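The values are calculated or read from the model by the stated rules, or taken from the named source; none is laboratory data. Since this is a predicted model, take the numbers as computed values, not measurements. Positions of Cβ are generated from backbone atoms using ideal geometry, with glycine treated the same way; all protein chains shown enter the neighbour counts.
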Amino acid sequence: LEPAGGNLARTKSCCTYYSFFCGQPGIFALGAVIAHLQQCQHDSENFLRSFLDLVTDALPALSQRPSSPNDIAPAGIPYELLYGRAGLLWAALFIRKYLGHAAVPDSVCRPILEAIIAGGRFFAQEWYPPFQAMSPTSRPHSPTSPPHSRHQKRRKDSGGGQLPGGNYPSSEERRLAAAAPVVGAAAAAAGDAEGGAGRAAAAADKLVQWCHGAPGVAMALANAAMAHPSRRDLLAAAVAAGEVVWQRGLLRKMGVCHGIAGNTYVFLSLHRATTALCPSTTHTTHGSHTSHSSRDEATTPELPPPSAHLHRARAFAAFLLAHRQRLADAALLHCGDRPFSLMEGLGGVACLFLDVARPEHAGFPGFEL
């Protein structure tokens with residue numbers, strides 16, 4: 001914590017983006033939490049005050065709604081996790097996790113949350129035909145939709161998955177529960193090599209990365225399932241998206257954003273969710289059948305046990321540990337334009353190895369709480 005605190009003290013203002021990853025809010029959020037953990041309450045309060053002042057001043061801009069289908073960043077602020085509103089909301093929730101719910105009041109978080117939901121609904125209506133007229137594979141993967149719409153939609157959907165269920169208006173809670181399985185089914189269809197629709201979707205959707213594709217969807221759905229434990233279909237959709245990652249997730253990059261490390265976090269997320277939501281999952285003596293309650297069997301597909309996801313996480317991590325240097329030397333594995341960074345390089349890989357060793361505490365850095 002001491003080196004981190006020293007680095008924060010030397011950091012200059014960099015409020016290019018209103019997000020945890022790429023702007024001043026992230027510096028203030030980290031500062032508040034690190035100082036709190038060091039029991040330096042005065043410094044923690046100063047960082048927290050700076051965070052709240054910054055967000056409060058920008059709240060009118062952060063609350064703006066899109067004015068047209070081309071207005072993908074109202075007031076110049078994107079919606080997505082890395083650069084925009086979802087990332088700012090995550091920073092607020094990160095502070096709340098360590099300093100308590102009252103540290104960032106609902107009057108700050110609520111307008112940002114409502115702007116994200118309103119933007120998602122607006123662009124879904126503008127860019128996609130009515131769901132009833134679309135095949136499952138075309139809904140989130142439509143090749144005719146603008147690339148930036150798919151990019152930001154995944155970021156918004158995934159960021160929304162981090163919020164506690166109580167933070168959703170009841171109508172939006174129902175919308176989430178209805179929409180999430182559709183996204184998961186489409187992600188699963190993209191990895192289905194058996195049917196013609198699956199092959200077509202897989203050919204059009206080449207990216208299986210946290211930032212684009214099934215990995216981010218799987219983690220978002222897993223977190224949504226934990227926020228809504230009665231909706232086992234959300235967990236089933238997360239597992240279906242995770243199957244795509246298992247089939248196609250050993251990439252030619254190593255980082256957490258668009259590489260093997262990020263895809264490994266999918267299985268850690270699924271392990272955590274299934275452990276929490278399926279504590280009674282057991283095998284028969286033959287090890288070939290997983291038992292659930294009769295009610296669950298009637299409503300959702302049979303789910304793999306938590307140990308299956310942990311095994312997959314360890315397999316991906318072991319591959320990365322054993323072959324990273326050899327593949328990098330042979331130019332078969334790209335180690336990032338910034339090889340020591342959190343998102344592209346060894347920083348994220350180090351976080352992954354620590355989390356594989358203690359899966360009960362695992363969480364994708366800057367994405368899961």
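Couple of notes before you dig in:
- When the range 217-248 is filtered for residues that are closer than 15 Å to Ala317 by Cα and surrounded by 24 or more Cβ atoms within 10 Å (Cβ to Cβ), only Val245 remains.
- The set of residues in the range 74-98 that are among the aliphatic types (A, V, I, L, M) and surrounded by fewer than 18 Cβ atoms within 10 Å (Cβ to Cβ) contains only Ala75.
- The range 60-100, residues that are in a helix (DSSP H, G or I), in contact with a Pro (Cβ under 8 Å, 6 or more places away or on another chain) and farther than 16 Å from Tyr18 by Cα: none
- Against the conditions (1) under 19 Å from Pro215 (Cβ atoms); (2) surrounded by fewer than 21 Cβ atoms within 10 Å (Cβ to Cβ), His361 satisfies every one except (1).
- Identity of the residue in the range 36-54, of a type in the set (A, V, I, L, M, F, W, C) and in a helix (DSSP H, G or I), that ends up farthest from Cys109 (Cα to Cα): Leu37
- Residue within the range 75-93 that is hydroxyl-bearing (Ser, Thr, Tyr) and in contact (Cβ under 8 Å) with a residue 60 or more places away in the chain present: yes
- When Ser135 is tested against (1) at pLDDT 90 or above; (2) of a type in the set (Ser, Thr, Tyr); (3) under 26 Å from Ala236 (Cβ atoms), just one condition goes unmet, and that condition is (1).
- Going through (1) over 21 Å from Phe367 (Cβ atoms); (2) of a type in the set (D, E, K, R); (3) under 22 Å from the mean Cα position of the chain (by Cα) one by one, Asp71 falls short only on (3).
- The range 217-323 holds helices (runs of 4 or more DSSP H) entirely within its bounds, and those carrying 2 or more residues that are modelled with pLDDT of 90 or more map to 232-248, 260-277.
- Among residues of the range 41-64, those that are hydrophobic (A, V, I, L, M, F, W, C) and without any contact (Cβ under 8 Å) to a residue 12 or more places away in the chain, counted: 0
- Pairs are defined by a Cβ separation below 7 Å, a sequence spacing of at least 6 or placement on different chains, a first member in the range 208-231 that is under 16 Å from Arg272 (Cα atoms), and a second member that is of a type in the set (Asp, Glu); the pairs so defined are Met219/Glu368; Ala220/Asp157; Asn223/Glu368.
- Residue check for Asp57: in a helix (DSSP H, G or I) and surrounded by fewer than 22 Cβ atoms within 10 Å (Cβ to Cβ): yes
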